[in-house]
Structures are given as C-alpha cells and as structure tokens.
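The structure under discussion appears below in the form of structure tokens.
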Amino acid sequence: MRTDSVNYMGESPPETQGQAGTLTPWEETTVVGKPLPRVDAYERVSGSAVYTQDIVLPGMLYGAILRCPHAHAKVKHVDTGKAAKMPGVHGIITDSTPGANIPWYHGAKGAMSRLFDPHCRHEGEEVAAVAAESPHQAWDAAKAITVEYERLPFVTDIEDAMNSGAPPVHEGGNRDGDSSVYQRGDTAKGFAEADVVLEETYRTSFEIHTPMETHASVAQWDGNRLTVWDSTQGVFAVQSSLAESLGLPLSSVRVACHYMGGGFGSKLDLSKHTVIAALLARMAARPVKVTLTREESFLCVGNRPANIIKLKAGVKKDGTLTALELTNLGSGGAYPASSSVGYLVRDLYLCPNVHVDETNVFINAGTARAMRAPGFPQCAWALEQTMDALAEKIGVDPVEFRVNIIPTVSQVRNNMPFTSTGLKRCLLEGAKAFRWKEARERPRQDGPIRRGVGVAAGMWGWEGETVSTAIVKLFADGSVNLNIGASDIGTGTKTVMAMVVAEELGVPLEKIQIEYADTGTTSYAPGSGGSQTVVANAPAVRKGAVEVRNQLLELAADELKRPVGELVLKDGAIQTTAEPIKKVPISDLQILQRRQMIVGVGYRDRGPEGKVALPFVAQFAEVEVNIRTGETKVVRFLAAHDSGRALNSLTFENQVFGGIAMGIGFATTEQRILDSRQTGKMVNANWHDYKIPTAMDVPVDQTCISIDPHDKECNNTGAKGLGEPATIPAAAAIANAVYHATGVRLKQAPITPMQMLSLLAQQQEGGNR
Amino acid sequence: MIPWFTYSRPNSLKDAVKQLSVPGTRLHAGGTDLLGCLRDGVVAADKLVSISHLAELRGITRTGNGSVRIGALTTLTEIAEHPYIMEHYAALSEGASSAASPQLRNQGTIGGNISQRPRCWYFRGDFHCLRKGGEACYAVAGENQFHCIVGGQSCFIVHPSDTAPALIALEARVRITGPQGTRTLPLESFFVGPQKDFTRENVLDAGDILTEILLPAPAANHRSSYRKVRARGAWDFALAGVALSVRFSNGIVQLARIVLSGVAPVPWRVREAEKIVTGKEIDDETASQAAAACVKDAVPLAKNEYKLHLVRGVVEEALLAMKQA
Ligand SMILES: Cc1cc2nc3c(=O)[nH]c(=O)nc-3n(C[C@H](O)[C@H](O)[C@H](O)COP(=O)(O)OP(=O)(O)OC[C@H]3O[C@@H](n4cnc5c(N)ncnc54)[C@H](O)[C@@H]3O)c2cc1C
C-alpha cells in the first residue's frame, strides 16, 4: 500500500505558458478578499447536501467490521458459520478469504501487518467484516462471529514501552527505528554563553480527530472497475493506494468525495474500511456502504501522538537565544507513524545552536495520523511556555522578547529566505489590538478568581506539494464550470476558488458550477490538508481563468476587429478601452456561439525560486482561573495571522476561530484515556467522555486579525496557508495566561480542574508563587 | 446498534405497572439515558413500556398550602424555566439547567434524571464490571479520576444526577406506584449505595413507577442554590457539586441542608457540615470549617485526590455566595 500521493520527484511540474504563466498577485481586487458566505451554505444548513454517509445506491448493502476487543491478542480461530446463515447476510470476509491478504502499515523493512492480521496489536484492529441488507443485520451477524483470542501482555504507556522488560508490540522491540537527530552549531557552547538556562519537561496527551462525519465509504463495482465514494480529504491519495491494494490500474479506480464533514488529517489517506467495502462489494456483487461508528472512529482512524518533550533553553540578558535542546519521546501507536515535534524549535526563532533528538516508540494503541499541524501544537506547548519563562527570567515583556529574535530566513533550510514574514507585525499589531500592555500590567488579584493574559507565537513549516491543475470552462452564455481535484473539507474551498474565477472573469458566483474531488472527472490536486488547499489550488484556478479570459479576448479581437490590447472583460461583457467605446456581452460573440465553450487550463507552477513561503501567527489569550475549584475559563482570545492575503475574510475568520476552539480543546479538555494498568482499552471512546470543547468553552470575545505582508513571491494570489497555524500556538497562549494568572506552570496538557487543583495545592504547600 | 425490543405505550398507570412487572421489561420515559444504555449493551430489554401517555405524570402544580408537585414526566427544561421553581426552589432550577445539554433537557424527564444509571466509564463501556454482574470493580485499580471519594465499597461510582442533590436539599419526597400499591418516601431514602446492594442505585423494584416529586411549601427567608463544577462548560457531569438549602433569621442560619454531587454513589448529605453552619452567620471561618467537614471521611482513590480540594473549594464558594445573595 502506498500512502504518499503523486509528486514530481524534484522534476518540474508542467507550467502554464504565456501571460497566465507569469501572473503576479493582484494589486486591487473586487471579489477576492470580501467576507462572502459559502456558495453551498444553503445546502449545508438545510440538510440537502449529500455527504458520503447519506449515499444510498440501488441494491446497496451495509458493512460492519468485527474488531479485536483486546489491547494485544492473537486470533486463534474465527468461526463465521452461524453468522453466514443469518438473515440478510451476503458476504463475510476474514484473513483467510482469497484476496483479503493485503499488506498494511509499512515500516523500514516492508509491511508490518495485513488487512485482517491475526496478530492484533491494539484494541479495534480488524478481524472480520460482514455485508448485509441492513445495518442491523450486518452488526448482528458481525457479533455472531465467534473468535478465539489468545491474549498477550500489552503496553500502552509511552515510558513503560521503553523499558527493557516491556511487552514487545513488534518483534525486535518497541523503538521505531533509531532516534532522529538534528544538530546545528554547538549547544554546549551555547549554554555556556547563556546568562539564563532553563530546562523543563512538558507532556501532551493523545488527541482524537473526531470529525463530525465519521469515516465512511461506499463501494460499487462495474465489471472490473471500481467506484468509491469516500469521506476523504484526498481522492487522489485514496485512489492510488486503493488501486495498489487491489492490484488495479488507476484508470479502474474512481474515488469521489463531495460534501464532507471534516477530517483534520484523519482522512488524508486510505483506511482499511474503504478496502473492506470494496472487497465486500465484489464478493456480494452489490454496492456496499461502510460507515464507522463513533466508537470505531476513536480507536482505528488516527490520533495526535502524545509527547514527552524535554526542552532546555539558554538566553543572554540582552534577549538573544544561545541554544535550544529538545528531546522528544513520543508514540505514533502500534505501527510506524511520526510523532516528531521538533520543527518549531529549529525554525521559529533565531538561534545558532540547536539540538533535537526524537524517538518514536510503539505501544498497543491505534496508529497516529496527521492531525491539524502534526507535531506543532505539542512543540509550541513546550517552546512557547519556555519562551515565556525565559522572558520572565531576564525581565523582558514576552512580546518584546519574541519580536527581537525573529528570523527572516528559514534556519532549517540553510538560511533560505522567507518570501515574507509578518511575525513581527502579528506580535506588535496583535498586542496593540489586544490591549496587551494594559492587561499584562493589571495588578494581580488575590481573590478566588484570577485573571491573566498570555501570548504565544508560531509558524507552519511545510511548503507543500505545489502541483495541481485546474480547468475552467466558459459556456456560451458566459457562465462557468470550474473543475478542480481538491476536496472541500468544510473550509470553504469551493467558495474561495469560485471567487478567484469571479475576480478574473467577472462572473457572479451563482453562475459558477463547481466540479471537484473526483478522480474520474477532475484533474489532479493534492489532498486538502497541510494548509495547502488554497496555496496549491488557487494559483492554478487563477491561471485557468486568465487563460479563458485571454482566449476570449483574442477571439473577440478577431470578431470586433480591434487589437487585443484595447479589450477588457468586465461585468460579463467585452469592452473597448479606446474610442469608439463598444460593449459586447459575451453571449453576443458569434465565435463563442459557434464554439460553445472556451477551456482554460491552469497549472500550479513551482514554489518561489530559492525562497520559501510559510505562514506565521501570534495569538493572545485571557483566562480566568477559579483557584477554589480549578476551573479555567478562556474569556478572550485574539489571533493575528500572517497567512498572506485573506482570499475571503469570512472563511478566513471561520478557519481561525475553529483553530482556536481546537487549541482550547488541546489546552483544557481533550485527552484519550487508556486503562493502562488493567486492560489497555480506551475508556473514553465516545463524545461524552472524550471532551471536545462546546460553545460554552469558547470565548464570545474572539478577534481575528489578518496581517497581510503583500507577499509578491509566494504565488500568484499572495495567499499563504492558514488551517494549521490557526491551532498551533493557541494552547500555549492559554497556558501562559494561566501562569500569568496564578503563577502555576502547566507542564501537562490538558489543564483540567483536576490538574489545576493539584498544582495549586502544591503551590500552597510550597508557598512559592 | 440498538438491539430489538417490543414497545408498548399503555394509557393507564395501572396497566403500565402491570406490564412493567414482567421480567425483561423496562420503563421508557424520555429515553435519553435508557436508549444509550441499550445501544451500548449496558442493560438488556425485551420490551420497553413507555409512560409518555400518562398525562397525570406531567407538569408542575401548586397545592393550596403552597407546596409543589412535579410530575415525573416533567422535562428538565420545564423545571429549569418555571418561574415559581426559579423563585422559591432555585437549587432545583439550577440543578436542572446545569444538566446535560439543551436538547437533552428538552427530552429528558425529572423522573428519568433521578433514576438514570451511573456514568462510570467501566460500567458504560466494554468492561464486565461488578455492577454488570462481573467479578470486580475496574475503578479500584484503574482510571478512577471521576469516581467517588466517599461511600464507595466494592463499587466506586458517583451518582450522576444534578437534580437529586438539589431535591434532597429541598426536602423533596417522591411518590412511587408499584404492584403493591403506592408509597411516599423522602428522596433521601430513595437511593441505595453499594454497601447495601451494588446492583442497583435506588429502591425501585420491578413494576415500580416514580410518579411525582413533592416539595414542601417555601419557607420565609429561605434560599437555595446548586453549584456544579465540570471539566467542560456544558454537556458534562459534575466533577463535584453542592446543593445548599438554608433558612436564615437575621443573618443567622436556622436550618441548613448541604448535599454533594460527584463524590459518592448516592447524593451525599453532610450533616456535620450542616451542624457547623447552623446557629451561626456564614463567614469565611464557618464556610471553611463546613467545607472541611464535607471531606472529613473521604478516602480518595489513586487519581481523584483533587476532589478533596475541589469539594472544599466549591462548598466554601457556595456558602459564601449564599451569604452575599
Ligand atoms: C450525553 C448526556 C449528558 C448528560 N449530562 C447530564 C448531567 O450533566 N447531569 C445530569 O443530571 N444528567 C445528565 N444526563 C442525564 C439526563 O439528564 C438523563 O438522561 C435524563 O434526565 C433522563 O430522563 P429520561 O426521561 O430521558 O429517562 P429515560 O432514559 O427514559 O430513563 C432513564 C432510566 O430511568 C428509569 N425511569 C425513567 N422514568 C422513570 C419513572 N418515572 N419511574 C421509574 N423509573 C423511571 C428508566 O427505566 C431508565 O432506567 C446526561 C445524559 C446524556 C445522554
């Protein structure tokens, strides 16, 4: 199975030729940048939008997956006899079913498991699957399959897993390869030069993505051709992995995803249930839908790794950082998956001496997947609290401290310059709008309710895959079809892309039809993730639209017998700029009536030459801590983002507010809890016990500021990514605010009343503030 | 998936009692707790008997002497928003409004809230625990951060209801109709702890229907409150909470009831704390002494020692707030 998507392996992607190939960002815009509501808002709100889970095909069956209830076990025997005879059952697959022996989870030495591997290394691993006429029949039959398990000793705690006597998750022990080490400069020398050195261990918790729409796939065969509707962020990634799993050419596998209820990284690549749906559908010769239950979605489709991060930092009295040393022990679960967090330490602040040492360890728990800014909020939790502590030690305001150590080059990329960095402006303009100084200098209250403010900064470190193709078709009446391969995962992709077309062609949004995320009918785009959807697609869409405009103007020039240079497209009409002034509606052009359609293709070209385009952020939080009860309430939040140009200020703000809410979850409520000492099973695999923030946990007083550095080099739209940065420093800003309020440093995320009360009690005993 | 069952909706209390006396039958009120339990395999049922057609079990009525009768089918929202309850029985409206979420409060009934099953994640989850007929309580050596600090024995649940502590503080009585007829008892005696019987949480037997809750007429100079602490701002059970009901005379406490949530397998009344504040003004010192008395007998498990601080903190806060009110 291959989970990486297509890339050009260093070769140049195709480029749009001519004028459209060398576009620079708009100086002025009429549509782009406006706070426009979603083009599909009505469908989403009214319930008429059809999500993958809503799809019902004629003759469709429902699948159910029997999963291992133990943290670690070997399947000794599976008896499907009774289940096979149950009403409505049309197919059962297990490890012994021909064609089901599909390798899964690849490590350095090849596949480490298979679709129904009898060695189950975590609770929820797949053992068998059933297709039946109704979901109830499928579940009843799945439960009627009897499985004999040999239970094995398990380990679910990251530190325990490193012990020599720990039960091995895989033969050869629990370390996932060697530690990865990054080194620049000489940290020992750096620490020796420092006036202040701080060292602290920070811990974060496993988080689960919990998108509103759980994972679901509908599979349908037509002869040897397979169509899959999948709730996915990346139809092309799913297509290629699925084709490989089933031994089919790409042309025989079509994957589509229309309305989609969130993913946060857990739907970037192929999941087992999708292959299972395809196998069941082939066996039953009927379409099959597999929808994961909420409980399954907690166990089997990814998580954000927990990390134990030891961070040592040295600073001089004048505020220069002399050295940063980070040691990370994390776990991506039972199979290889990154738990790396080291990026921010290497690139966010100017620091000549950096050492990062990261170890990933296997445990008997579900495998991690990218989750909104993988590794970054964890690192920010440690780094940004450390920066806060350093600033305090040298007696400098934490905003000012950061402002003075902002790099203009990417230190991990051999000092390659950033196309732009608005971090300084984010910090300064954010602080001003937040009234930081005033809030910071407010005298500490002694009553039971303590208020405090905190700041944290961040950046996103992945420049992404700059490969995508957009096709823009102009119909004879001047309306438009836009064809892109990207999924709209709920972020407003369709809206923003339509706005780019509208900007160039002057078509109203209602007259733009959008065809998207379908490997059978749309052109390639990378998965919608990694803050890349706008960055990878909007430039291609713009080029496609400009291509159409150029062709149209050329045709019009012929027809109107005027030089192209004297024609513009405005308000759905060709207008001349020189006398005699003429205005011809597009639909009146004879040539267009004959051809019926103009097609423009836009290729996203390479990223900026010799530079790297990345987004930056500074966020400010105000909290209220009740020291009697340990309750922490985030009462005010301000996010200042340099994500380049905001293409739609409303969806921009939505994205930021969503990121803040996730940050509040990371900071205060979310954590996967395993019954580590008895069964290794997850005790809070539901939306009630696994606590994502509610509307009551998010402050009413939230502000989003877009800091636009007018980046001319990042791409032809001037936009940088936003999805990840929105959530990166949020939790750390809250932790710093709690410290400001109480004098208690939160080393462990999340800050629950449980932890807060214990720390406050320790503080009282120690008498230190 | 919710397993199969048959469903019946009788039109008389008598018929409902008769149908519910058959083994394998369960009473369905709003269903917000019951259906979850069925779906998760916590309980089994061949047949559900809905009491939703029993109109006499609905609504809030005031009797001639000022006491109040609340039908078991009255929803939490109706209680939370009822002006008379809000004015005279603030603890109850605060308890009701702090439970669950708006949708659940619109559907969930007060009878169901009092009779709901425990929320212990071992009991609700895929663990064959003592209360479900298994060998042992997993909370003893397991993830016990949300479990009880007092009154546990063999099983360490906390009672999940936010309305029950308030009702006990307000001296509520409940009326139950069963195969043997009708009885009325103080709500305080309704709950059953694990020392007595770890398979049940209350006195209801097969065929018993809780029909109404009776609140005594409001007294002069009486105030009550319910304060709940939770890990998340809504849709979350109490980590700990306290219901207070206090009668004052010239600022002096004449009579006090202090009932805790989130600390014990039943709503936990602390008579010693009540004694401490009675006959005195509420000030920092009495509040702090009463708060300390609330956890005097507590024995925390490995992961819930924080509840000692929490209970003290929340009781102190609630008592002082009552003084200021
Ligand atoms: C996600 C979630 C969060 C919640 N959060 C809270 C919270 O924070 N605080 C809180 O207090 N509650 C909370 N609840 C519980 C909720 O308030 C109760 O589920 C609701 O009040 C139950 O009422 P119901 O009518 O739906 O009961 P049902 O589900 O119909 O019944 C519940 C149980 O009580 C029995 N029963 C019901 N009525 C009677 C009667 N009249 N006589 C005898 N037996 C009866 C039923 O047989 C069943 O066993 C939460 C529930 C959920 C699902």
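Every number here is computed from the coordinates shown, using simple stated rules; none is lab data. Keep in mind it's a predicted model, so treat the numbers as computed, not measured. Positions of Cβ are backbone-derived with ideal geometry, glycine not excepted, and every protein chain shown enters the neighbour counts.
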Listed residues B:Ile85, B:Ser50, B:Leu104: farthest to the positive end of the dipole of region B:28-156 (Cβ charges): B:Ser50
Euclidean distance of C-alpha centroids, region A:232-258 and region B:12-55, integer Å: 47
Proximal lysines relative to B:Lys14, as straight alpha-carbon distance under 23 Å, when same-chain residues fewer than 8 apart are discounted: B:Lys47
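Partner chain Cβ atoms within 10 Å, averaged over the residues of A:682-695 - can you pull that number for me?
Working: counts 4, 12, 5, 3, 5, 1, 9, 8, 0, 6, 2, 3, 6, 3.
The shielding value for this peptide is 5.
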Dipole magnitude (debye, nearest 20) for chain A, charges at Cβ of Lys, Arg, Asp, Glu: 440
Average Cα contact separation per residue, chain A, under 8 Å, 6 or more apart, as relative contact order %: 16
Shielding by other protein chains, B:299-308, mean Cβ within 10 Å: 2
Prolate/oblate/rounded label for the protein assembly as shown (Cα gyration tensor, a/c 1.5): prolate
Added length on full extension, which subtracts the Cα-Cα distance from 0.36 nm per residue, A:Val584 to A:Glu510: 24.5 nm
Ranked list, fewest to most other Cβ atoms within 10 Å of each Cβ, for A:Glu559, A:Glu384: A:Glu559, A:Glu384
Peptides ranked, highest mean first, by Cβ atoms within 10 Å: ranges B:40-53, A:639-652: A:639-652, B:40-53
Candidate lysines for bridging to B:Lys275, where Cα separation is under 28 Å - those fewer than 8 sequence places away on the same chain excluded: B:Lys196, B:Lys228, B:Lys296, B:Lys307, B:Lys323
Charge dipole magnitude, Cβ of K and R +1, D and E -1 - region B:58-136, Cα centre, debye nearest 20: 260
Cβ-derived FRET efficiency at R0 45 Å, A:Ile449 paired with A:Lys189, nearest 0.05: 0.45
12 Å Cα-Cα reach of B:Lys18 towards aspartates and glutamates, excluding residues that sit fewer than 8 places from it in its own chain: B:Asp208
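For chain A, list the DSSP H helices whose alpha carbon atoms reach 27 Å or more along the long axis and whose average Kyte-Doolittle value is 0.0 or above?
TM-like helix candidates: A:533-560.
Exposure proxy check: A:Leu757, A:Leu311 ranked by fewest other beta carbons within 10 Å?
Ordered from fewest to most neighbouring Cβ atoms within 10 Å, A:Leu757, A:Leu311 come out as A:Leu311, A:Leu757.
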Given A:Lys681/B:Lys303; A:Lys473/A:Lys543; A:Lys267/A:Lys494; A:Lys317/A:Lys720; A:Lys543/A:Lys582; A:Lys393/A:Lys437, the pairs whose alpha carbons are separated by over 23 Å: A:Lys317/A:Lys720; A:Lys543/A:Lys582
Lys, Arg +1 and Asp, Glu -1 on Cβ, resulting dipole of region A:464-603 about Cα centre, debye, nearest 20: 200
Where no second cysteine Cβ lies under 4.7 Å, the cysteines concerned in chain A: A:Cys257, A:Cys300, A:Cys351, A:Cys379, A:Cys426, A:Cys704, A:Cys714
For region A:464-603: relative contact order, % (alpha-carbon pairs under 8 angstrom, 6 or more apart): 34
Two-site label geometry, A:Arg294 and A:Glu171: point separation in nm, points 7 Å out along Cα→Cβ: 4.2
Cβ-based charge dipole, region A:464-603, positive-most Cα from A:Leu592, A:Thr577, A:Ala486: A:Thr577
Ranked list, fewest to most other Cβ atoms within 10 Å of each Cβ, for A:Ser266, A:Ser240, A:Ser179: A:Ser179, A:Ser240, A:Ser266
Contour excess over end-to-end distance, with Cα ends at A:Asp397 and A:Lys712 and 0.36 nm allotted per residue: 110.1 nm
Rounded Å value of the spacing that divides the Cα centres of region A:578-647 and region A:478-524: 14
Part-to-part distance (alpha-carbon centres) for region A:665-694 and region A:83-118, which is given in Å: 29
